[in-house]
Amino acid sequence: MKRLLLIRHGETEWNALRRLQGQCDIALSPEGEAQARALAPLVASLAPGLVRSSDLRRARRTADLLGHPAAEPEPGLREQALGDWEGREIAEICAESREEYLAWRAGRFTPPGAEDWTIFRSRILQVIEEAFAAGPDTVALVCHGGVIRAALDASLSLSPSKIIPVGPASLTVLAHTGSEVRLEAFNVRGQDLVLDAPD
């Protein structure tokens, strides 16, 4: 069995302001750095043999704070490009059209100039398949909230409309048993994680 650790980057100032980042290259806030440090012992306990990171600095810095400064940069792990919505506050978008915002969160609407959900989902599926095909039994991908939602959709057919927001500096775990992919953990931020609980 192989495990894939999907780790969302720590909080940025734009996260705190509820401003959409997309592929804007925003740094971690001091709170985000603290969140990443707090998650480090849990990630270390899972001993990933390979760590890849989105090449955006909020993810690269998170990988560094998790104890993996040499994480392989992977542009395919970038957040969904949001076109005209990048840099805008969610409240502002919702004031114009809450329906469009909710439809985007559900993967059913593409903002002007943005990357279509199906294209984004396909990009993330390719990265996941490459990670599962890599040699180590446990691979960590340090990425973004949208990436994790796309991964769950692509791997488990779990629609983004059925997924709560992915927390900053949180861990989601997928396991590949050889015949199927299953969800072992979602949105974990504590210190302990049990992956082999009895039925």
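The values are calculated or read from the model by the stated rules, or taken from the named source; none is laboratory data. Predicted model, so just to flag it, every value in this text is computed and none were measured. With ideal geometry, Cβ positions are generated from the backbone for all residues, glycine too; neighbour counts draw on all protein chains shown. Note: areas computed on protein heavy atoms with side chains; ligands, DNA, RNA excluded. Shrake-Rupley method; radii C 1.70, N 1.55, O 1.52, S 1.80 Å.
A few comments on the model shown:
- For LEU183, the solvent-accessible surface with a 1.4 Å probe is about 80 Å², rounded to the nearest 10.
- Largest to smallest accessible area among LYS162, LYS2 [probe 1.4 Å]: LYS162, LYS2
- The local environment of ASP137, defined by Cβ-Cβ distances under 10 Å, has a net charge of +2 under the rule Lys, Arg +1 and Asp, Glu -1.
- Spatially, the stretch 101-139 and the stretch 10-72 are offset by 18 Å when compared through their Cα centroids.
- Portion, in percent, of the accessible area of the stretch 1-117 that falls on carbon or sulfur, probe 1.4 Å: 49 percent
- A simple charge model with +1 on the Cβ of Lys and Arg, -1 on the Cβ of Asp and Glu and nothing else charged puts the dipole of the stretch 48-194 at about 220 debye relative to its Cα centre.
- For THR12, the residues whose amide H sits under 5 Å from its own are SER29, ignoring neighbours fewer than 5 places away on the same chain, with H placed 1.01 Å from N.
- Residue order by solvent-accessible surface for SER97, SER179, SER45 is SER179, SER45, SER97, largest first, with ligands and nucleic acids left out and a 1.4 Å probe.
- Heavy-atom accessible surface of ARG123, to the nearest 10 Å², is about 50 Å², with a 1.4 Å probe and all protein chains retained.
- Shown are PHE109, PHE132, whose ranking by accessible area with a 1.4 Å probe and every protein chain present, most to least, is PHE109, PHE132.
- Approximate shape of the stretch 1-107 as ellipsoid semi-axes (Cα gyration tensor, √5λ), whole Å, largest first: 28, 15, 12
- Candidates GLU130, GLU96, GLU184: whichever shows maximal mean-square fluctuation once the chain is modelled as a Gaussian network with Cα springs under 10 Å: GLU96
- Accessible area per residue for the stretch 51-96, computed on protein heavy atoms with a 1.4 Å probe, is 44 Å².
- Antiparallel %, DSSP beta bridges [both residues in the chain], to 5: 50 percent
- When only alpha carbons of the stretch 103-146 are considered, Rg and Dmax amount to 13.2, 40 Å.
- Helix axis angle, 30-45 relative to the chain longest principal axis, alpha carbon, degrees: 30 degrees
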